[in-house]
Structures are given as structure tokens and as C-alpha cells.
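Structure first, commentary second.
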Amino acid sequence: MSGAATVAFEHVTKHYDARAVAAGAPGAINDLSFDVPAGKICVLVGPSGCGKTTSLKMINRLIEPTGGRILLDGVDVATREVTELRRGIGYVIQQVGLFPHQTIAENVATVPRLLGWPDERRRARSEELLALVGLNPLIYRDRYPAQLSGGERQRVGVARALAADPPIMLMDEPFGAVDPIVRERLQNEFLRLQEGLAKTIIFVTHDIDEAIKMGDLVVVMEGGGRLAQFGSPDAILAHPATDFVARFVGADRGLKRLALARIRDLRPRPAITARPGDDTADARRRVSSDPLPYLLVLEPDGRPIGWVSAPSLPAVGVIDASMATAMSPVFDARTTLKDALSMLLAADVQAGLVVDDRGAFVGLVTADMIAERIRPTSASPT
Amino acid sequence: MINWGWIVEHLDELAGRTAQHVGLAAIAVAVGFAISLGLAILAARQRLTRGPLVTVAGIVYTIPSLALFAALVPVTGLSILTAEVPLVLYTLLIFLRNILAGIDSVAPEVLEAADAMGYQRATRLVRVELPLAVPLIVAGVRLATVSTLGLVTISGILGDRFGGLGFFIFEGYRHSFATEILLGAVPSILLAIGVDRLLVITGARLTPWAGARPSA
């Protein structure tokens, strides 16, 4: 693995002359600066014409800046030989741009061929990458792009970009041309892939939801190629720097933050619990001292059975599983707060049960705790 | 009507004339293609040359063929050049237009991807643009070949060393001998149809990707 590289924009500008602007040249760039640490996904997001694609194409010099510098691992891209630079940068675009006259395996091996890898190594690399993006090499390697679906072509596009193991990948609306269900799947697969690859990825989208989902860091750009805000998705949602950013991320930015946080980010609170066979009098006494007048009955192994209200507990006797009613939704550490809140609303209850990987009860999460989490004043989790 | 006996007596000559016909056309198509490919590459790389090249080829194409054959006689005599120069010139416009249309037909995102992968200009032309232009280039080869096979007939005006099957037509016309006219006309039509089919099949072999459709 050649690892990942840092990317730095230093006062990058791009001006077009009046004639080019009249001819519909895309957005100019105005003093753009930001740093992306190695191994992170940085999403450039903004309305159309804000210059996000221009910024992306300046990294591999498909477009040359008018001023400023772009550094990869501290080296100004303008000083690198252009084809050599590009062969070290993966590139994925919305229209994919596979070569229609080459088989899938040949397409994937494009950069290795340009780099002069021997046949055997190229073939092995193609097959390895097809498998990595979820396409069976035996089925797909000898097909032509026209024989693939949009989603399959996009996977091949990702495999091709990864072929020479570049430390940086540029992705311009890579999942923009497929239907929402396939997009969701490709996004999730890509995030899982990235966990293993840890490439530095610069990703362009106009979709704020995609930016929030995919980005470790987000650059919000506004018209005229200006940087409006740079930060983690949660920081941008929690503290939009300007009215423009607030409008761009949407009035539902609080709800969007819920999709970013998971149950593991909260500290579940304890509940009054008992197990079948426990003494009811003792349980009544313990419940009466708690603001929540409910007793949670657990299996001997700790898995939750359900709730018993304090008044319905017999004064004497033992707890029985049949007394308990399962009402609360069950969450695990990975449940997003957005899903948790909607499950609470659907079940029409205040509290949900957090369980560990074995299903044993850990604690309670209430709708209030989730709401607290997205108050604009609450601290950023990262 | 038709003197079959005469035809049988002249089968050897028919074979010879057919070979000559194919030979004259093949040279013209091959030379015309080579020149056009060079010009098309020049036009694709130096955009400014494109307009003038296509215009000149277009003007040449409008010159009547009979006039051009005749006009060359004082210059080149009755040599093979007199027959081949017009034949080659008439292919230029067809080839040039089709090769350029083929190069133009390559999708912009394919070119962008090629650039971003680190193709150099010349490599991109040879490995991406020209292969993708093949369907339109093959269409040009078919058009130019069929048109040249027709024009070879007219070069029969230059005498019996030229014209291929067209020589029978001129001779038959001179002697008002319908059988000989038909011996020139019918095989030249069949030849054009046959060669065209052959080129269609060859084109399909060259571009297995073009017929590729999603498989279930």
C-alpha cells in the first residue's frame, strides 16, 4: 500500500476572462484554503456553479489555477510532471467514463498498463479489485461496459481508480447517476471499503445529505468559489458559520445531526430492574424512590423482558415474567439517534432499551436525552 | 438476347478484368485511407487545419470524374497514375469526414477519464479515440469502397489497361453489343454488393464491443 497523502489548498484562485464567462465557463475560485489530513474523506459541497468541480480538477491539473498552490504531501502539484501526477491520483466521475471498446478487466487495468506493469500482474490486480468492489471477476472481467448496469459500471469506475493504489482519490458526484436505492448501497459499500483502504479522498457533491454521510470533513462552498465553512459534518450542522450555510444545510439540520450520532455517543441512564423470582415488596420500594415509576424485568441472562408499572406490582409475592409488558424499542450501540428517535415516536414511549452485543440490558435512552444531544449549544462529539 | 456462347468464350477475360477492377479499387482505397488518416489526425490535433482540409476535400469531390480523368491525361499520360489519382482524390472527402466524425463521436467523459488516468495526447488518440472511431471509419470504408468500385468502371475510358469490368461496358457500347455491356455491368454490381457485405462482417469482427448488449 502506498498509504494516503495530505492535501492542502493554499489561497487557490481561478479567474476566467470575460469572454470565457460569457461562454458559460464554470465557477471561478476565490482564495480557497483548507487542509485535509491523510486518510480522511473531505467533501466539497455547494450549489451548482460554486466551483467545487473546478477545485477538484485543479488537484490533478485538468484545470490549472490562476493563483495559489495545491500541495500533495507538501509538494506543489504544479511542479510535478502532469501525466505522472495523474497516474498517482484515482479519478471517479458521475458518468464513469469507462472505455467502451475495452473489457472490464482492461478498463480496470488502465493505469497499470500506462505504468508498464507486466500482463500477469495487471490481470491479477484487475481481478483482485473487481472482487473488492463486489463484482465476481469470473463473470465480469471479459464483459464490455455496455453489458453492465449503471451501478455495476460505477463499481468498475471505483476499481479502475484504485488500480495503481493511489494515495489520493478524486470523486466527482460518483453516485449521482444511479437510483436512490443503488446510491445508498454504493455509499455504504464505499464507506466500508474506505475503512480498509484509508485513502485521502476529495469528494464533490451538491447533496448536503451525501456530504454529511460521506465526509469526515466538509468544505461548504458558495457562489463565486468562496469557502463558506470548513469543518466536521457535526460542527457545520451544529454551528453554521453564516446564514448561507444555515440555509444550505437546511432547517432540519438538527434532525440531520441525529443521523450522525449513534447510541454509543450517549450515556444511557440506569433503570430499576428485577428478575423473575425477586421479591415484589423490595421492587416496589425501589421503584417508589425513582422518578420513573416503572420496573424493568430482565431475563436471568440480562435480556430485557418488559415493564411493570409500580401500582400494578403486588404488595407481596415474587416477580413473574408474565407481569411484564414489552413496550420499548431496543437499541444497540450502532443505532443512529435518528433511527432511535423515530422508533420511540412510533412506539409512543419515552424510553428505549440499550442492549449490548449479547442482548443484555445496558441502560435507558430517552427522547429527552436525544433532543438534548442536538441542542445548538451542545458540544461537538469529535 | 444474351449471347451465352460469347460469354463462355470470354470467361478468362472476365476473371482478368475482375482482378484488375478489384486491384485498381484496392490501391485507391488503401492509398486514400492512409492519406486521409494522416490528414484526420492532423485536423484532430490542430483544430485550425480542420476547416480548410474538409473544404478542399469537398471541392475536389465536386469535380466530375470523367472530366478529371481526361484532364490528367496531358499531365500523367496514360499511366496508372491517371487512373489512380482521381480514384484516390474522390475517397479523401469520404474518409476524412468519417474519420473525423468517428473521433468526434467519442464521449467527452471518456476523454476526461483518459486524461485523468494520465494518457498522453498521442497515446490517447491511438488507444482510445481511433479504436472508438472504428464503427464510423468502417462506415467510411464501405462508402469509399463501393463508390470507388463504381468509379473504376469509368476509368475504362482511358483504354484497355484500365476500367476493369468497365472496359466491357465501353467496348459493348461501342459495338452496340448488349451481351458485353451486361458482362461488365452485372459482375461489377455483384462485386460491389459482395465486397460491401464482406466489409460489414469485418467491421463487426473489429468491434465486438459495439454490439454488446446487457446480458440477463
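The values are calculated or read from the model by the stated rules, or taken from the named source; none is laboratory data. Computed from a predicted model, the values in this text were never measured in an experiment. Glycine also receives a Cβ, built like all others from the backbone with ideal geometry; neighbour counts cover every protein chain displayed.
A compact table of results
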item	result
The range A:103-114, subset under 26 Å from A:Val204 (Cβ atoms) and surrounded by fewer than 24 Cβ atoms within 10 Å (Cβ to Cβ), residue farthest from the other protein chains (Cβ to nearest Cβ)	A:Pro112
Enumerated helices (runs of 4 or more DSSP H) restricted to the range A:129-218, each holding at least 3 residues that are within 12 Å of chain B (Cβ to nearest Cβ)	A:150-162
Spans of helices (runs of 4 or more DSSP H) in the range B:35-131 with at least 3 residues away from chain A (no Cβ under 14 Å)	B:47-62, B:65-76, B:80-104
Residue among A:Val204, A:Val182, A:Val178 that is assigned by TED's automatic domain parsing to the domain that holds A:Val245, β-branched (Val, Ile, Thr) and touching an Asp or Glu at 6+ places or on another chain (Cβ under 8 Å)	A:Val204
Any hit, the range A:333-348, residues being assigned to a strand (DSSP E or B), of a type in the set (Gly, Ala, Ser), touching a residue at least 40 places away in the same chain (Cβ under 8 Å) and touching a strand residue (DSSP E or B) at 6+ places or on another chain (Cβ under 7 Å)	no
Some residue of the range B:102-113 being without any contact (Cβ under 8 Å) to a residue 60 or more places away in the chain, under 30 Å from A:Arg80 (Cβ atoms) and buried (at least 23 other Cβ atoms within 10 Å of the Cβ)	yes
Pick from the range B:24-51, criterion modelled with pLDDT of 95 or more and not hydrophobic (A, V, I, L, M, F, W, C), ranking: surrounded by the most Cβ atoms within 10 Å (Cβ to Cβ)	B:Ser36
All positions within the range A:60-99 that are free of Cβ contacts under 8 Å to residues at least 60 places away in the same chain, of a type in the set (Ser, Thr, Tyr) and facing another protein chain (nearest Cβ under 8 Å)	A:Thr83
Filter result (of a type in the set (Asp, Glu) and closer than 14 Å to A:Arg155 by Cα) within the range A:94-140	A:Glu127, A:Glu128
Test result for A:Ser288, among the hydroxyl-bearing types (Ser, Thr, Tyr), surrounded by fewer than 19 Cβ atoms within 10 Å (Cβ to Cβ) and under 30 Å from A:Val158 (Cα atoms)	no
